[in-house]
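The values are calculated or read from the model by the stated rules, or taken from the named source; none is laboratory data. All figures in this text were calculated on a predicted structure; none of them were measured in a lab. When we count neighbours, we look across all protein chains shown, and the Cβ atoms used for this are built from the backbone with ideal geometry, even at glycine. What goes into the accessible areas is simple: the full protein's heavy atoms, side chains included, and nothing from ligands, DNA or RNA. Shrake-Rupley method; radii C 1.70, N 1.55, O 1.52, S 1.80 Å.
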Amino acid sequence: MPEHVTTSEANTVAVARDLAVGLRAGDVVLLSGDLGAGKTAFVRGLAEGLGIDPEEVSSPTFTLVHEYRGPRQTLYHVDLYRLEKAATEDLGLEELGAEGGVLAIEWPDRLTHDLPGALRVNIDIVDDDTRRITVTGAG
Ligand code: ADP
Ligand code: MG
């Protein structure tokens with residue numbers, strides 16, 4: 001599923017929900033796109049697909065990592081927006097991902113290290129309600 005054009009937030013959530021079904025423990029999803037593109041909405045869909053109440057998902061503000069426990073695996077949600085280039089080792093992100101959870105990272109350009117094997121989701125704003133979602137990577 002390389003490219004999706006969505007016309008509502010609910011649409012984007014649904015794309016993410018479908019994608020989440022194929023996620024396994026240790027998978028990393030990198031979410032790029034401008035402010036307001038729908039990265040957090042996408043994470044809400046990932047949560048739903050993992051059996052987690054999507055209302056638990058919010059924009060991380062001062063907490064760097066949010067942890068949502070699901071029936072099968074834990075979803076770790078990280079928003080690096082407020083960080084300058086961050087050393088991933090210092091944040092322990094790789095450890096988190098390996099810990100039997102799924103790791104979703106907003107603003108991955110802040111990372112100094114590549115996370116090999118990560119799935120890349122890029123969301124482009126086409127107009128007010130339209131987004132182009134491109135999924136690449138993982139393999
Ligand atoms: P980000 O985390 O990328 O900054 P958010 O998910 O917090 O973005 O917000 C996305 C905003 O864009 C929300 O207000 C949402 O309602 C709106 N929106 C409009 N159309 C879409 C769409 N097709 N997909 C996702 N969000 C959309
Ligand atoms: Mg966000």
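Applying the condition of being surrounded by fewer than 19 Cβ atoms within 10 Å (Cβ to Cβ) and at pLDDT 85 or above to the range 78-123 and asking which residue is farthest from ligand 1 (Cβ to nearest atom) yields Gly117.
Of all the numbered requirements in (1) within 14 Å of ligand 1 (Cβ to nearest atom); (2) within 20 Å of Gly137 (Cα to Cα); (3) at pLDDT below 90, Met1 misses one, and that requirement is (1).
Of all residues in the range 23-55, those that are outside any helix (DSSP H, G or I) and either over 17 Å from Arg110 (Cβ atoms) or open to solvent by 10 Å² or more (accessible area, probe 1.4 Å) (or both) total 16.
Considering the conditions (1) within 16 Å of ligand 2 (Cβ to nearest atom); (2) among the acidic types (Asp, Glu); (3) out of contact with any His (no Cβ under 9 Å at 6 or more places or on another chain), Glu56 is excluded by exactly one of them, (3). Of (1) closer than 19 Å to Arg120 by Cβ; (2) more than 16 Å from ligand 2 (Cβ to nearest atom), Leu75 satisfies all except one. Which? So Leu75 meets the others, but not (2).
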